[in-house]
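*Asks:* Structure provided below as structure tokens; questions to follow.
What follows is calculated from the coordinates using simple rules that are stated; it is not laboratory data. This structure is a prediction, so every number in the text was calculated from the model and none was measured. No Cβ is skipped: glycine too gets one built from the backbone with ideal geometry, and neighbour counts run over all protein chains shown.
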Amino acid sequence: MTDVEIVEVGPRDGVQSVPTWIETERKAELIHALARAGVGRMEVGSFISPKAIPQMKDAEDLVAMLGPMPGVRRMTLVPNTKGAIRAIDAGIEEIIFVISMSDAHNMSNVRRPTAQSMDDLQSLLEEVDAEGCLKMRIGLATTFDCPFDGRVPERDVLDNIERIVSIRQGMELVLSDTTGMATPDHVRALTAECLKSFGDVATFAFHGHDTAGFCVANVLAGLEAGLRIFDGSVAGLGGCPFAPGATGNVATEDLIYLFHRMGLDTGIDIGLYLEACEIALSFPDGATGGHARIIPLKRLMESLDGKFRGRGIAAE
Ligand code: COA
Ligand code: ZN
């Protein structure tokens, strides 16, 4: 049991934004390196329309190449029931269905209003249930800010969550700062409200991009408000093809380093994780970010004082 759980989204949210084609073998190499470092849960790709994001078109081949990964829950994003069936057929352990809290972003992302995505969720769940038990995660895109409409009213977010938990209780809901423009006071207040109103019928997580440079502060605000599950992307790789101007997710290695410095175990070996960063950094035209990997390794290790070597080293 770790103190906080980091969900790695680089191979999906990060890689989907890389404009140059990345060979399936290279994607698999990154995923295996992340698993070696001790990442226990990871978005490995998405089963979407290949026309929407061509970089994700090899999802079946990639999942087949990966094979079952002991100790790693492989997750894929799906936009509809068709995607969910592809994920089930591929043998994926968990799927993420994304619903934007603002209509304008939902239209841009999946070409339908938010209310219609709620109906889609209901029919998708019926299909998933018929096929057996699959873990469900719901990405609440634009929880804080929309690239088209600006700040999203808290009331809209809470109403949408109410609708989701009326469809199904017990799912993981990811408060997502899709544009990377949220501020810590906003994250703290809305997270606290979500936990107070829905904490007994859903699990909450935070997914942040770092456009304004506030994301580590936003993660801490979420932690203080009571969250224990945070998304990050290897070397800060990413952006969002449907949120103009948004940069990558917060760099996972920055979160690992921060939590370990604070005495909170993530189960991940930072030394091995930094090796995985090198693979992400080698992708041509990938936008990257983050700070921990810039610190000289010796200095970084000394500052951790030998704490938290993670599952990675233990497994070797
Ligand atoms: N997997 C593969 N193909 C799919 C698909 C899926 N999950 N869903 C739809 N398609 C195909 C259809 O078969 C159809 O193919 P055709 O043109 O060869 O007949 C085509 O895509 C259009 O289908 P339609 O149902 O009309 O969808 P659309 O054009 O309205 O697009 C989405 C809607 C949701 C499928 C598309 O916008 C999408 O995949 N978006 C993903 C966005 C994303 O991943 N964003 C980043 C995450 S936040
Ligand atoms: Zn994202």
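*Asks:* Residue by residue, what Karplus-based ³J(HN,Hα) values in Hz, rounded to whole numbers, does region 70-83 have, using 6.51, -1.76 and 1.60 with θ = phi - 60° and x for Gly and Pro?
*Replies:* Along region 70-83, the couplings run x, x, 10, 8, 7, 10, 9, 7, 10, x, 6, 4, 4, x Hz.
*Asks:* For LYS57, which aspartates and glutamates qualify as cross-link partners when the Cα separation must be under 16 Å and same-chain residues fewer than eight apart are set aside?
*Replies:* ASP13, GLU23, GLU25, GLU43, ASP89
*Asks:* Let me ask you something else. How long is the gain from GLU278 to MET1 if the chain were fully straight, where each residue apart is worth 0.36 nm and the alpha carbon distance is subtracted?
*Replies:* 96.9 nm
*Asks:* Under unit Cβ charges (Lys, Arg +1; Asp, Glu -1), what dipole magnitude, rounded to 20 debye, does region 173-245 have relative to its Cα centre?
*Replies:* The calculated dipole for region 173-245 is roughly 60 debye.
*Asks:* What residue among ASN109, THR24, PRO79 has its Cα farthest toward the positive end of the dipole of the chain, where the charges are +1 on Lys, Arg and -1 on Asp, Glu, each on the Cβ?
*Replies:* Farthest along the dipole direction, towards plus: THR24.
*Asks:* Using each residue's phi in region 51-63, evaluate 6.51 cos²θ - 1.76 cosθ + 1.60 at θ = phi - 60° and report the 3J(HN,Hα) Karplus result to the nearest Hz, with x for Gly and Pro.
*Replies:* Karplus-based 3J(HN,Hα) across region 51-63 equals 6, 5, 9, x, 4, 9, 5, 9, 3, 4, 4, 5, 5 Hz.
*Asks:* Something else: Quick one: putting +1 on the C-beta of Lys and Arg, -1 on the C-beta of Asp and Glu, what dipole do you get for the chain around its Cα centre, in Debye to the nearest 20? Walk me through the numbers on the way to the answer.
*Replies:* Values: 29 positive and 45 negative charges, 56 e Å.
With only Lys, Arg, Asp and Glu charged at Cβ, the dipole is about 280 debye.
*Asks:* Could you give me the percent of Cα pairs per 20 Å distance bin for the chain, shortest bin first, beginning at zero and ending with the bin that holds the maximum distance?
*Replies:* Over the chain, the share of Cα pairs per 20 Å bin runs 36, 61, 4 percent.
*Asks:* Shifting gears a bit: Calculate for the chain the 222 nm mean residue ellipticity that helices alone would give, adding -39,500 (n - 2.57) per DSSP H run of length 4 or more and normalising by residue count, nearest 500 deg cm²/dmol.
*Replies:* Roughly -13000 deg cm²/dmol at 222 nm, from the helical runs in the chain.
*Asks:* Sticking with this structure for a sec: With 22 Å as the limit, write out which pairs from LYS51/LYS135; LYS82/LYS135; LYS27/LYS298; LYS27/LYS307 have Cα-Cα distances beyond it, or answer none. It would help to have the intermediate numbers written out before the result.
*Replies:* Details: LYS51/LYS135 27 Å; LYS82/LYS135 17 Å; LYS27/LYS298 29 Å; LYS27/LYS307 30 Å.
Among LYS51/LYS135; LYS82/LYS135; LYS27/LYS298; LYS27/LYS307, the Cα-Cα distance tops 22 Å for LYS51/LYS135; LYS27/LYS298; LYS27/LYS307.
*Asks:* Now for a separate question. Checking the a/c ratio against 1.5 first, then a/b against b/c, what shape does the Cα gyration tensor give for region 197-269?
*Replies:* In terms of gyration-tensor shape, oblate.
*Asks:* So, one more: Round to a whole angstrom and tell me the spacing of the C-alpha centers of region 112-139 and region 142-165.
*Replies:* Here the two parts' Cα centres lie 19 Å apart.
*Asks:* Another question, if that's okay. Skipping prolines and chain starts, which residues have an amide H placed within reach, meaning under 5 Å, of the one on GLU5, given they are 5 or more residues away or on another chain?
*Replies:* Those qualifying (amide H under 5 Å, at least 5 residues apart or on another chain) are ILE229, PHE230.
*Asks:* So if each residue of separation counts as 0.36 nm, and I subtract the Cα-Cα distance between LYS82 and LEU158, what length gain in nm does that give?
*Replies:* 24.6 nm
*Asks:* A follow-up question, please. Would you mind calculating the gained length between GLU25 and GLU131 on full extension (0.36 nm times residue separation, minus the Cα-Cα distance), in nm to one decimal?
*Replies:* On the way: separation 106, 0.36 × 106 = 38.16 nm, distance 2.95 nm.
35.2 nm is the gain from fully extending GLU25 to GLU131.
*Asks:* Picking from GLY236, GLY290, GLY150, which is most flexible by a Gaussian network model of the chain using Cα springs under 10 Å?
*Replies:* Of GLY236, GLY290, GLY150, the Gaussian network model singles out GLY150 as fluctuating most.
*Asks:* Further question on the same structure: List the residues, sorted by chain then number, that are 5 or more residues from SER46 or on another chain and whose placed amide H is less than 5 Å from its amide H.
*Replies:* LEU77
*Asks:* While we're on this one: Using DSSP to define loop residues, name the GluC sites (Glu not before Pro) in region 1-86 whose beta-carbon has at most 16 other beta-carbon atoms within 10 Å.
*Replies:* On the way: sites: GLU5, GLU8, GLU23, GLU25, GLU29, GLU43, GLU60; in loops: GLU23.
Hits after loop and neighbour filter: GLU23.
*Asks:* Using amide H atoms built in the peptide plane, which far-off residues or other-chain residues are under 5 Å from ARG41 H to H?
*Replies:* Sorted by chain and number, the residues that satisfy this are GLU8, ARG73.
*Asks:* If I model a spin label at ASP285 and MET69 as a point 7 Å from the Cα along the Cα→Cβ vector, what separation in nanometres do I get?
*Replies:* Roughly 2.5 nm, to one decimal.
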